[in-house]
Structure formats: C-alpha cells, structure tokens
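Here's the structure, in structure tokens; my notes come after.
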Amino acid sequence: MKNIVILISGGGSNMAAIVKTAQQQNWADKLGARVAAVLSNKADAKGLALAQAQGIPTAVLDHKNFETREAFDQALMQLIDAQDPQGRPDLVVLAGFMRILTLGFVDHYAGRLLNIHPSLLPAFTGLHTHRRAIEAGCKFAGATVHQVTAELDHGPILAQAVVPVLPEDDEHTLAARVLTQEHRIYPEVIAHLLSSK
Ligand code: GAR
C-alpha cells in the first residue's frame, strides 16, 4: 500500500477534500493508496477531529517544544517516516501546514513533497495572498499545487486553478472562491501522481 501523510496546521479542509476523494474514488483498490496519517504542529487544529472522524490516525508535534527549526524538522521527519512500514511514505502532502521548512527536511522528501498555495505562483508567495491580490487590482486569482523545493513557495508547478476577482470581493470572499478550487485540484494532482508511481 502506498502511504500518504498529510500535514496540517488549521482547518484541514484540503485534507478533508483529499480524504473524501480517496474514499469516493476508492484509491485503496484503484491506486493501492491510502491516507496513512494526518499530522499537525498545532494541537487545536480543527482538521484533526475531521481526520479522526474518518478513522485516520492523527498525531501532534508542537514546534514550540523545540529549541530550533532544525530540531523540530528532524523530529517531524521521524514521525512522518514512522507512518509507513518501510519508513518511506510515498507522498508527504502539505495542506495548510504553516511552517517554513529546513533544507534537510525538503531534501529528505525530494520528489515526494507537495504543497498547495493560495495564489497563482510565482505571484504572491508568502502570506495574505488574497488581500494582496485585491490590493494589486488583479482581475484573476487562484491556487497552485507545486512540488516543494528549498525556496519558499517555489518549485515545479503541477496544477493551477484560476478564479475571477469580483469588484465586491474582500479577502474572505475571494479566499472562499479559491478554496473551492483548491479542493478540486489537490486531490486530482495526488491521484495523478499515485497512478504513475
Ligand atoms: C489553504 O487556502 C491553503 O492554500 C493555504 O492555507 C489554507 C489552508 O486551508 N496554505 C498556505 O497559505 C500555505 N502557505 P485548510 O486548512 O482548510 O486546508
């Protein structure tokens, strides 16, 4: 069985969309793949309860308990790898995981590490993407699924979705429109990658 490990920090709606698609499309039988675990750096991440309700194992590793970014990332790598019997999960999926990752972490999962970012990269890396897109007068916004490399919010683009920015939008209405598309493209990319593995 190919094992997917999903990392979250908050609401976990992308994680929930991936789990739902995996069930609906029967990834277990069709792709020999499953969501093995959902991990969070925040104990109060709402997505943890969503995952547990689906019978998916969860664990929390609080970055505040570590002195350095390197120490946290090393512990996180051990926790992630422990979710696969061979110690090598097929995909590590960042789904609203709000941490800057060390080079050691990114290297360890090279080619197996995905992220979704709520902008049309390479525009608007970092935070507050929707507010910045509105302030810049963009007529379109969107989301990007990409492979993770050492540089924040860079790395080969695997899929993008585009939505209009409407005159009456604020960052919340725009975020909601983009999020709906995130829930479509992230599972699509994962299924595609798993089918070619
Ligand atoms: C999503 O919009 C995702 O693209 C974004 O956080 C949100 C998480 O929502 N990720 C980033 O900003 C990463 N830099 P979710 O927890 O409901 O999936």
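Each reported figure results from applying straightforward, stated rules to the coordinates on display, with no laboratory input. Because the structure is a prediction, the values reported are computed rather than measured. Backbone-built Cβ (ideal geometry, glycine too); neighbour counts: all protein chains shown.
What residue, among those in region 147-172 that are in contact with a helix residue (DSSP H, G or I) (Cβ under 8 Å, 6 or more places away or on another chain) and small (Gly, Ala, Ser), is nearest to residue 118 (Cα to Cα)?
Result: 161.
Looking at residue 131 and the list (1) over 21 Å from residue 12 (Cβ atoms); (2) out of contact with any Leu (no Cβ under 8 Å at 6 or more places or on another chain); (3) assigned to a loop (DSSP other than H, G, I, E, B), which single condition is not satisfied?
Against the list (1) over 21 Å from residue 12 (Cβ atoms); (2) out of contact with any Leu (no Cβ under 8 Å at 6 or more places or on another chain); (3) assigned to a loop (DSSP other than H, G, I, E, B), residue 131 comes up short only on (3).
Does any residue in region 110-123 that is near the ligand (Cβ under 8 Å from one of its atoms) come within less than 9 Å, Cβ to Cβ, of a residue that is assigned to a loop (DSSP other than H, G, I, E, B) and of a type in the set (A, V, I, L, M) six or more places away or on a different chain, and which pairs are these?
Once the first residue is near the ligand (Cβ under 8 Å from one of its atoms) and sits in region 110-123, its partners that are assigned to a loop (DSSP other than H, G, I, E, B) and of a type in the set (A, V, I, L, M) give 115/95; 115/148; 116/95.
What number of residues within region 137-169 are of a type in the set (A, V, I, L, M, F, W, C) and free of Cβ contacts under 8 Å to residues at least 12 places away in the same chain? I'd like the intermediate steps shown before the answer.
If we filter region 137-169 for residues that are of a type in the set (A, V, I, L, M, F, W, C), which is where we start, we get 138, 140-141, 143, 145, 148, 150, 152, 157-159, 161-163, 165-166.
Filter once more, so that each one left must be free of Cβ contacts under 8 Å to residues at least 12 places away in the same chain: 166.
Result for region 137-169: 1.
Considering only strands (runs of 3 or more DSSP E) fully contained in region 6-115, which possess at least 3 residues that are within 23 Å of residue 191 (Cα to Cα)? Before you say what the answer is, go through the steps one by one.
Values: elements: 33-40, 58-60, 91-94.
Where strands (runs of 3 or more DSSP E) fall fully within region 6-115 and carry at least 3 residues being within 23 Å of residue 191 (Cα to Cα), they are 33-40, 91-94.
Can you tell which of 49, 53 is farther than 19 Å from residue 106 by Cβ and more than 13 Å from the ligand (Cβ to nearest atom)? Working first, answer last.
Values: 49 fails: more than 13 Å from the ligand (Cβ to nearest atom).
Result of the check over 49, 53: 53.
In this structure, is residue 106 touching a residue at least 40 places away in the same chain (Cβ under 8 Å), touching a Phe, Trp or Tyr at 6+ places or on another chain (Cβ under 6 Å), closer than 30 Å to residue 160 by Cβ and of a type outside the set (D, E, K, R)?
Numbers: touching a residue at least 40 places away in the same chain (Cβ under 8 Å): yes; touching a Phe, Trp or Tyr at 6+ places or on another chain (Cβ under 6 Å): no; closer than 30 Å to residue 160 by Cβ: yes; of a type outside the set (D, E, K, R): yes.
No, not satisfied.
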